[in-house]
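The structure appears below as structure tokens.
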């Protein structure tokens with residue numbers, strides 16, 4: 001088995017607001033056309049009409065990721081300004097009403113709206129996902145089991161959503177409260193290997209509940225589209241440096257766990273109940289307690 005590449009890729013979701021009032025605003029189709037002309041394939045619509053998602057190319061390290069993400073954020077900012085809009089990198093809009101937002105009329109999003117009902121309507125939230133390249137299937141599962149311990153730490157360092165519909169919720173990450181209403185979310189289960197993972201996924205695919213593993217939204221999961229482990233627990237970060245620091249930390253954590261395995265050692269597998277308690281404290285207090 002060859003050593004993993006530990007490449008990284010970063011996805012961020014932004015909210016679009018009116019540049020003058022800061023109210024949420026729907027993204028015109030022309031905005032995506034202009035962005036695609038500058039950065040083809042790296043910018044796409046999201047579930048709600050007021051959202052946009054960007055994704056870096058595969059990067060060897062954080063230096064490349066900085067160049068990529070700087071270009072992506074700048075592109076969205078500049079193109080949005082031409083439409084009287086501005087992007088905000090915060091996991092929740094501080095005062096918008098979710099019930100006044102509309103989802104994008106596309107088959108995948110229409111299916112989500114139908115399947116998830118009112119739960120989908122509240123998805124006025126934005127996250128940041130970090131992919132780390134690990135080619136070996138069973139290695140991804142082994143590292144996922146160990147890395148779950150660190151998910152609350154990553155959340156605590158990323159929190160950016162204390163406000164919801166004009167009030168201070170008292171939580172550092174209200175986004176996670178909303179997201180946890182979806183099925184197949186939260187901490188990943190402990191799995192014996194790639195075989196158990198694929199059998200479990202295939203069971204619910206064959207019953208017609210989901211089309212594929214892209215609708216498994218754990219805090220950490222094997223990516224459906226790439227040979228990566230995808231960390232999904234983080235709020236999107238307002239500051240670029242914070243995003244990159246979290247991406248670098250995530251990359252380093254997986255590399256550390258692999259080094260332990262390579263020397264016939266491993267990180268202790270902690271009880272999911274205890275990790276869940278840490279997850280709640282990170283959600284409630286962020287890095288303060």
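Quick note: the coordinates plus some simple rules give every number you see, no bench work behind them. Everything numeric in this text was worked out from a predicted model, so none of it was measured. When we count neighbours, we look across all protein chains shown, and the Cβ atoms used for this are built from the backbone with ideal geometry, even at glycine.
How much of the pair distance distribution for the chain lies past 23 Å, counting alpha-carbon pairs only, in percent? Before the final figure, lay out the partial values.
Values: 22947 of 41616 pairs.
Within the chain, distances greater than 23 Å cover 55 percent of Cα pairs.
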Cα centroids of the stretch 1-34 and the stretch 92-108: how far apart, whole angstrom? 15
Could you put 17, 205, 54, 76 in order, starting from the residue whose Cβ has the fewest other Cβ atoms within 10 Å? 205, 17, 54, 76
With contacts defined as alpha carbon pairs under 8 Å and 6 or more residues apart, what's the relative contact order of the stretch 8-288 in percent? 23
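Sort largest first and round to whole Å: the equivalent ellipsoid semi-axes of the stretch 217-289, each the square root of five times a Cα gyration tensor eigenvalue. Intermediate results must be reported in sequence, preceding the final value.
Details: eigenvalues 95, 68, 39 Å².
Those come to 22, 18, 14 Å.
Could you work out the relative contact order of the stretch 125-175? I mean the mean sequence separation of Cα pairs under 8 Å and 6+ apart, divided by the number of residues, in percent.
Details: 22 pairs, mean separation 14.0, N = 51.
After rounding, I find 27 percent.
How would you order 160-166, 193-199, 141-147 from highest to lowest mean count of nearby Cβ atoms within 10 Å? Numbers along the way, then the final one.
Numbers: 160-166: 19.3, 193-199: 14.7, 141-147: 22.1.
Listed from highest to lowest mean packing, they are 141-147, 160-166, 193-199.
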Label-point separation (nm) for residue 99 and residue 20, each offset 7 Å from Cα along Cα-to-Cβ? 2.8
How large is the Kirkwood hydrodynamic radius of the stretch 126-204, in angstrom, based on all distinct alpha carbon pairs? 14.8
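Percent relative contact order of the stretch 1-132, based on C-alpha pairs within less than 8 angstrom and at least six residues apart?
Details: 207 pairs, mean separation 47.1, N = 132.
Answer for the stretch 1-132 is 36 percent.
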For the stretch 228-271 and the stretch 110-183, what is the centre-to-centre distance using only Cα atoms, to the nearest Å? 15
